[in-house]
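None of the figures in this text is laboratory data; all of them are computed from the coordinates on show. Note that the coordinates shown come from a computational prediction; the quantities given were computed from them, not determined experimentally. Here the Cβ positions follow ideal geometry from the backbone for every residue, glycine too, while neighbour counts run over all protein chains shown.
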Amino acid sequence: MTGDIVSDEQSETDFVEEWEQWHRAREDRLASPHGFLAITGLHWLGGDPERFHDAPGAWSSTNDDVDVELADGEELVIDDGLVTGHHRFHSLDEHGRGHTTVTSSSKWRFAMDAA
């Protein structure tokens, strides 16, 4: 019987240590530069192009995609490639494939998630 008690105590200790490790990793991920806590604005896009004070370009959406029209002098870096003019972001599949990271010269960033 004593062995069972030690085993239960060890299981509880292991569980607590594993949970604390998971919790620290989760908080680090949320507080990372691109984590959920880094969000500074949330904008719902419609069919008419719209400008936002913290982002270059005029943004709009269709049923499946997001469009941005960049004016002269505006640019985005999309997955390490420089973009000017017009760009269309396609929707993600049900598994989240197609995640895109965008950076502007003003260090504005966003990640497009599933619609």
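Each label was represented as a point 7 Å from its Cα along the Cα-to-Cβ direction; for Asp72 and Trp44 these points are 3.6 nm apart.
Placing R0 at 25 angstrom, the Cβ-Cβ distance between Asp64 and Phe36 gives a FRET efficiency of 0.55 after rounding to 0.05. Taking each residue as 0.36 nm, the span from Glu9 to Gln21 lengthens on full extension beyond its C-alpha to C-alpha distance by 2.5 nm. Note that the stretch 64-78 has calculated 3J(HN,Hα) couplings of 10, 10, 10, 10, 10, 10, 9, 6, 3, x, 9, 8, 10, 9, 10 Hz, one per residue in order, obtained from phi through the Karplus relation 6.51 cos²θ - 1.76 cosθ + 1.60 (θ = phi - 60°); glycine and proline are x. Each Lys or Arg adds one and each Asp or Glu subtracts one; over the other residues with Cβ under 11 Å from the Cβ of Trp19, this totals -3.
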